[in-house]
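Data block below; observations after.
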Amino acid sequence: MNEQVLVIDDEQDAVDSIVEGLALQGISSRGDTSPQTAIESFQASPTDVVIVDYVFPASTGVTGVDIIAQLKAIKPFTKFILISAWIDKDLDENTLTDELRNKLQGHRYLPKPIDIDKLIASVKEALEMTQTESSDWKSIAQQYVNQGAVNAEEVRQLNEKIKEHLIKAIDTKAEE
């Protein structure tokens, strides 16, 4: 099964509850309590949406924001839902959602304890957005082909140029 959602939380009960709640709505998902294992799992099989807790044990050396940054580097158009019981209670959900969207191109922030109906609605909205974005790219590609503006060999050449630039950018970042 190709899951659509990855759930990352250090509490196994939270992961299980979210995965089960999504399954009841017909949304395929998998979960992990280890940030490192989750990142490796995502790299092997990226999902469209990631639900990630903000606070992890100090021994992991990461926060949910760190995990989001690492996963965005693997699949930039992934939608993220950040969950937490530890973020400043004085800030409201909409303010944090706006900040998450602006700084991380995330999708939404939801406080714990999780309102499962809100979470499912947020996941469905995020999945719909990825479908729309995907179909937009398919539509654009089809328009280019229909207009004769591109052929297979041009796409292969463009792909090689993009790969070269990506490798150079990665090498440059590694040297910094």
Residues of segment 41-53 satisfying the condition of being outside any strand (DSSP E or B), open to solvent by less than 20 Å² (accessible area, probe 1.4 Å) and closer than 23 Å to LYS112 by Cα: THR47
Number of the condition not met by GLU153 [criteria: (1) modelled with pLDDT under 85; (2) surrounded by 10 or more Cβ atoms within 10 Å (Cβ to Cβ)]: (2)
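Table: residues versus (1) open to solvent by 60 Å² or more (accessible area, probe 1.4 Å); (2) assigned to a helix (DSSP H, G or I); (3) touching a helix residue (DSSP H, G or I) at 6+ places or on another chain (Cβ under 8 Å); (4) not polar (S, T, N, Q).
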position	(1), (2), (3), (4)
GLU3	no, no, no, yes
LEU6	no, no, yes, yes
VAL15	no, yes, no, yes
ILE27	no, no, yes, yes
THR37	yes, yes, no, no
VAL55	no, no, yes, yes
For segment 67-86 the number of residues that are modelled with pLDDT of 90 or more and either assigned to a loop (DSSP other than H, G, I, E, B) or open to solvent by 50 Å² or more (accessible area, probe 1.4 Å) (or both) is 1
Inspect all residues belonging to segment 128-136 and state whether any of them is modelled with pLDDT of 75 or more, surrounded by 14 or more Cβ atoms within 10 Å (Cβ to Cβ), of a type in the set (Val, Ile, Thr) and not in a helix (DSSP H, G or I). no
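The values are calculated or read from the model by the stated rules, or taken from the named source; none is laboratory data. Fair warning: this is a prediction, and the values are worked out from it, not measured in the lab. Glycine gets a Cβ as well: all are built from the backbone with ideal geometry, and neighbour counts include every protein chain shown. Quick note on the areas: whole protein, heavy atoms, side chains included, nothing else; ligands and nucleic acids left out. Shrake-Rupley method; radii C 1.70, N 1.55, O 1.52, S 1.80 Å.
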